[in-house]
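Report on one structure; see the data block that follows.
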Amino acid sequence: MIKFSCTRSLGEDIYYATLIAEDVQQAKEMAVEETNKKWSRNGGRSREWSVRVLEEGVDGPARILDCGHREA
């Protein structure tokens, strides 16, 4: 498993998620789903998210560690 940092900008808003997933695609999908739950469908599409690997070889299962929103 891999620990990822995911971000998405929407106007002046920045959405972010730190999570553990198997690959980039799963990380994006998890970020979209969690953001949509918390902020009324502002997760957008997975292609709109930027993803960065923070750490490899992390113990699973896949899960959200942190998810938030702030104004730019």
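The numbers here are math on the coordinates, done by the rules we state, and not lab data. Predicted model, so just to flag it, every value in this text is computed and none were measured. Here the Cβ is made from the backbone with ideal geometry for all residues, glycine too, and neighbour counts use every protein chain on show.
Here are the numbers:
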| read-out | value |
| --- | --- |
| Pick from segment 60-72, criterion touching a helix residue (DSSP H, G or I) at 6+ places or on another chain (Cβ under 7 Å) and not in a loop (DSSP other than H, G, I, E, B), ranking: surrounded by the fewest Cβ atoms within 10 Å (Cβ to Cβ) | I64 |
| Residues within segment 1-50 that are among the aliphatic types (A, V, I, L, M), closer than 16 Å to H69 by Cα and in contact with a helix residue (DSSP H, G or I) (Cβ under 6 Å, 6 or more places away or on another chain), tallied | 3 |
